[in-house]
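Notes for the one structure printed next.
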Amino acid sequence: MDAAAAVGPWRWVILLVRMGVSFVSFGVLKSMGVFVDEFVVYFECSTRVAGLVVSLPFTIGSVAGISIGVLLKKFGARPLMIISGAVFAVSLIIAAVVSTSLVHIALCFIVCSFGSAMMRNASVAVLLKYFPDNFASMNGLSLIGGPLGMMIVPPVVQQLLQLYDWRGALALLGAMSANFCVFAALFRPLQTKNSYTPIADSEPRSTSNPPPIESLWQKLRQTFGIISDTIYLQMFVDEPGFVTIQIISFFGGTVFGGWHIYLIPNGISLGFNETMSSFLATFSGFGSVFGRVLSGFLIDHGLVKAHNLLAGSCFLLALVCLLDPIAAPSYEATAIIATIGGFFFGICQPILFVLSVNIPEERRVSALAWMVFFSGLGISTGGFAIGWIYDVTGDFGVAFCTMGVISAVAGVLSLTLGPTCFSCKTQDRE
């Protein structure tokens with residue numbers, strides 16, 4: 001019996017739960033752009049430093065997500081996600097209430113990132129287990145919660161900012177994030193096979209010879225081997241195209257972070273008021289909804305190969321970024337650019353998960369975690385680099401053009417993957 005048949009109708013609850021996780025996660029991410037100018041003024045820092053700090057809840061902790069496969073087997077999805085959700089929410093609240101410097105906020109956001117990474121990776125792993133045959137479509141559908149969060153949460157946070165200043169708005173954002181724990185409670189424990197094999201009684205152990213004394217170098221090699229097996233470092237050698245997809249994930253994260261963190265500050269710098277600028281996130285989220293639904297439908301129905309769809313979307317996203325300076329004087333044109341850009345982001349991000357489905361099942365969750373890790377590094381890089389470009393040039397147009405070039409490079413790399421590296425259906429290789 002396959003996994004889908006085994007879990008029955010409860011898998012649709014899992015789908016809705018992942019939508020909720022995406023809603024909160026991406027809503028918080030997009031809302032971080034609202035705090036950039038506030039941090040620059042309050043802490044008297046540069047835009048690049050503020051951009052780096054607000055990206056931290058979704059980056060550094062991704063390194064812990066690499067071990068998600070082992071943690072899921074040891075603790076199960078539900079308790080792991082409940083604890084992770086609590087860490088995420090409490091860290092945001094502490095950052096808002098007790099922080100007296102940007103360093104304090106950065107430290108709280110780093111702790112927050114560990115909860116974020118575990119929530120995202122565990123929810124993807126569970127979804128893959130419940131929908132093994134049509135993961136592309138269900139993954140895209142479950143991520144609709146993300147753009148809905150982008151559409152709704154940033155304007156609300158902007159209003160909270162005007163009512164309660166940045167501390168009150170950030171604390172309430174953390175309180176909203178506590179819904180992670182509620183969503184996690186709805187996950188049913190995954191049933192896994194027990195891999196423990198007892199030693200047969202008929203095999204007596206010899207005690208005549210003591211074990212040889214190992215050198216420090218041998219112990220280090222043995223420790224490294226255990227770590228390597230745990231996080232499947234061998235994938236970087238064995239799996240064709242795996243290194244390339246990590247580079248694409250990094251570049252994609254750079255553009256994703258730069259776009260979502262600085263879309264609202266870009267609007268403010270163009271002279272639009274804060275409320276109008278926050279609604280640019282709504283337009284971006286609106287476009288992203290259609291992109292996420294379309295990507296899974298096209299791939300699962302065999303209408304286009306995943307790597308070709310990713311490449312085409314990266315090239316068109318590059319064009320959108322390059323057109324941003326031209327649209328700058330007009331709010332309507334900027335809103336259209338935000339909507340189209342959101343559409344192509346909605347296509348690109350789910351595909352990064354889908355590209356892992358042809359990796360053997362025992363390595364698949366770790367492969368997803370590695371992609372999230374490199375994507376997280378890219379988000380921090382985008383948060384810092386795009387802010388640095390703005391600090392140097394004083395023009396977000398140059399920064400958005402830079403993101404266009406990076407997106408084009410990711411598109412070229414996507415073309416090199418080829419259909420032999422990643423397939424459109426979930427198939428385990430023998």
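The values are calculated or read from the model by the stated rules, or taken from the named source; none is laboratory data. Predicted, not measured: the structure shown is a model, and the values here were computed from it. Neighbour counts are summed over all protein chains in view; Cβ atoms, including those assigned to glycine, are modelled from backbone coordinates with ideal geometry. Surface accessibility is based on the protein's heavy atoms, side chains included, excluding ligands, DNA and RNA. Shrake-Rupley method; radii C 1.70, N 1.55, O 1.52, S 1.80 Å.
Run the numbers for Tyr164 and Val13: contour at 0.36 nm per residue of separation, minus the present Cα-Cα distance, in nm.
Gain in length upon complete extension: 50.8 nm.
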* Asked: Using θ = phi - 60° and the Karplus form 6.51 cos²θ - 1.76 cosθ + 1.60, what ³J(HN,Hα) does each residue of the range 21-36 get, whole Hz, x for Gly and Pro?
  -> 4, 5, 4, 5, 4, 6, x, 5, 4, 5, 5, 4, x, 5, 8, 4
* Structure fact -> Looks like the range 242-359, by Cα gyration tensor root eigenvalues a ≥ b ≥ c and the a/c under 1.5 rounded cutoff (else prolate when a/b is bigger than b/c, oblate otherwise), is prolate
* Just read off the accessible area of His301 with the full protein assembly in place, 1.4 Å probe, to the nearest 10 Å². => 110 Å²
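Hey, if we sort Ile110, Ile14 by accessible area with the 1.4 Å probe, largest down, what's the order?
Highest to lowest solvent-accessible surface, that is Ile110, Ile14.
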* If you take the square roots of the eigenvalues of the alpha-carbon gyration tensor of the range 49-165 and sort them as a ≥ b ≥ c, do you get rounded (a/c under 1.5), prolate (a/b over b/c) or oblate? -> oblate
* To do: Starting from the residue with the highest accessible area, list Leu298, Leu107 in decreasing order, probe 1.4 Å.
  => Leu107, Leu298
* Asked: Label-point separation (nm) for Val70 and Ala175, each offset 7 Å from Cα along Cα-to-Cβ?
  -> 3.9 nm
